[in-house]
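For reference, the structure is listed below as structure tokens.
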Amino acid sequence: MLPFQRYKNNIILNTFMVEKRVTQKIRESESEAIRANVEKLKDELRTLRNAKAASGSASKLAKIKTVRKNIARNLTILNQKERATIAGKLHQGSGKRAIFLRTKLTRAVRQRLTTHQKTKQITKTQKRTLNYPTRRFGLRA
């Protein structure tokens, strides 16, 4: 491994650790504080976009990406927190879950028949299978 590669990987590792600490700090804060932080970040993004339109400096243009990522990070954590609180309260007595809490999967998987529906037969076919079972022929070796 070249020294440059080690240095590059170390930078990537450090940024990952910083992001992990940031997300942990966000998770510890209250949901109202997270909402306020999102609004503050959106205002900052608005000003950065105005600066971009008015041919702002390169540092401001580079900051747009980080602000957008921070907004997404905050909203993701907020959504996870709200889902966790709602999941325990909604439909507590029944075995059903709210639609937005269910696993999404794919459309084909959601619309697939259940095993009970697949094996279900009408009475005519049930009688036919009982009265005329599949024939088994013995083969001579």
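FYI, it's all coordinate maths here, none of it is from the lab. The structure displayed is predicted, hence computed values, not measured ones. For neighbour counting, all protein chains shown are included, and Cβ atoms are generated from backbone atoms with ideal geometry for every residue, glycine included.
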Proximal lysines to Lys60, defined as alpha-carbon separation beneath 16 angstrom and excluding residues fewer than eight positions away on the same chain: Lys42, Lys52, Lys69
Stokes-Einstein translational diffusion, the range 51-141 - Kirkwood Rh over all Cα pairs, 1.002 mPa s, 20 °C, in µm²/s: 105
Selection of GluC sites (Glu not before Pro), the range 24-115, meeting DSSP coil and at most 13 other Cβ within 10 Å: Glu30
Within straight-line cross-link reach of Lys20, aspartates and glutamates at Cα separation under 15 Å, skipping those fewer than 8 residues along the same chain: Glu28
Excluding exposed DSSP-loop trypsin sites (Lys or Arg not before Pro) (at most 16 other C-beta within 10 Å), longest clean stretch of the chain: 1-95
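What number, in percent, do you get for the relative contact order of the chain if the mean sequence gap of Cα pairs under 8 Å and at least 6 apart is divided by its residue count?
Values: 41 pairs, mean separation 25.6, N = 141.
Once divided by the residue count of the chain, the mean separation gives 18 percent.
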Formal net charge of residues neighbouring Glu82 (Cβ-Cβ distance under 14 Å; K, R +1; D, E -1): +3
Highest-fluctuation residue, Val38, Val18, Val67 considered, GNM on the chain with Cα pairs under 10 Å: Val18
